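Working notes, structure below.
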Amino acid sequence: MVEPDYKIPPVSILMLGVKQLAESVPFYRDVLGMTAKQQFEGFAFFEAGPITLVLSESLARASANPAGAMEVVFTVDRVRTHYDTLRARGVEFLAPPFQVNGPMFAANFRDPNGHTLSLFGPE
């Protein structure tokens with residue numbers, strides 16, 4: 001169902017591509033003084049005010065220029081619903097929603113300038 005007054009939720013996650021978490025985590029934690037929230041293979045999560053800063057090795061590997069590897073993530077209540085609504089509005093997704101970890105799914109798309117945007121949450 002397409003919602004005529006649809007409005008995407010606020011940005012909740014900013015993801016930066018990094019070559020090695022072993023180098024990047026101490027920088028953000030110890031040098032910048034950011035609080036680490038969680039870490040698992042290939043990802044580290046930091047408190048960054050109203051958003052979460054995520055360091056991602058896979059995002060860096062997927063980019064020709066790791067320094068420009070960035071993804072803006074919108075946390076949503078139902079990825080599939082938001083995916084369907086945005087597709088109906090003409091957004092072209094890179095792929096259908098896919099499982100990221102456990103019950104969490106993502107659906108990636110690009111803005112007109114090529115920046116990667118992502119819906120993230122339960123399917």
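Values in this text are rule-based calculations from the coordinates and carry no lab data. This one's a predicted model, so the numbers in the text were calculated from it and none came from an experiment. Glycine also receives a Cβ, built like all others from the backbone with ideal geometry; neighbour counts cover every protein chain displayed.
Once the other residues with Cβ under 13 Å from the Cβ of Leu14 are scored (Lys, Arg +1; Asp, Glu -1), what is the net sum?
-2
Ranked by Cβ crowding within 10 angstrom, fewest neighbours first, how are Val54, Val18 ordered?
Details: Val54 21, Val18 24.
Starting with the residue having the fewest Cβ neighbours, the order is Val54, Val18.
For a quick protection proxy, order the peptides 46-53, 61-68, 80-87 by their average other-Cβ count within 10 Å, most packed first. Spell out each step's value before the answer.
Details: 46-53: 14.2, 61-68: 11.4, 80-87: 18.0.
The most tightly packed comes first, giving 80-87, 46-53, 61-68.
In the neighborhood of Glu3, defined by Cβ-to-Cβ distances under 15 Å, what is the net charge if each Lys or Arg adds +1 and each Asp or Glu adds -1?
Working: positive: Lys7, Arg78, Arg80, Arg87, Arg89; negative: Asp5, Asp77, Asp84.
Neighbour charge sum, excluding Glu3 itself: +2.
To the nearest 20 debye, what charge dipole does the chain have about its Cα centre, counting +1 at the Cβ of each Lys and Arg and -1 at the Cβ of each Asp and Glu? Mind showing how you got there, number by number?
On the way: 10 positive and 13 negative charges, 21 e Å.
The dipole of the chain has a size of about 100 debye.
Phe43: net charge of surrounding residues, Cβ under 13 Å, Lys/Arg +1, Asp/Glu -1, itself excluded? Working shown, then result.
Working: positive: Lys37, Arg61; negative: Glu41, Glu57, Glu71.
Around Phe43, the surrounding residues sum to -1.
Report the residue, chosen from Phe109, Phe27, Phe93, that carries the largest GNM mean-square fluctuation when the chain is represented by alpha-carbon nodes joined by springs under 10 Å.
Phe27
Identify, among Val76, Phe45, Leu86, the residue whose Cα sits farthest towards the positive end of the charge dipole of the range 37-117, taking +1 on the Cβ of Lys and Arg and -1 on the Cβ of Asp and Glu, with the dipole about the Cα centre.
Checked the options; the winner is Leu86.
Per residue of the chain, what 222 nm ellipticity follows from adding -39500 (n - 2.57) for every DSSP H run with n ≥ 4, rounded to the nearest 500? Don't skip to the answer; put the middle values down first.
On the way: 3 runs with 21 residues, N = 123.
Mean residue ellipticity, 222 nm, calculated: -4500 deg cm²/dmol.
What's the angle, to the nearest 10 degrees (0 to 90), between helix 79-88's Cα axis and the longest principal axis of the chain?
50 degrees
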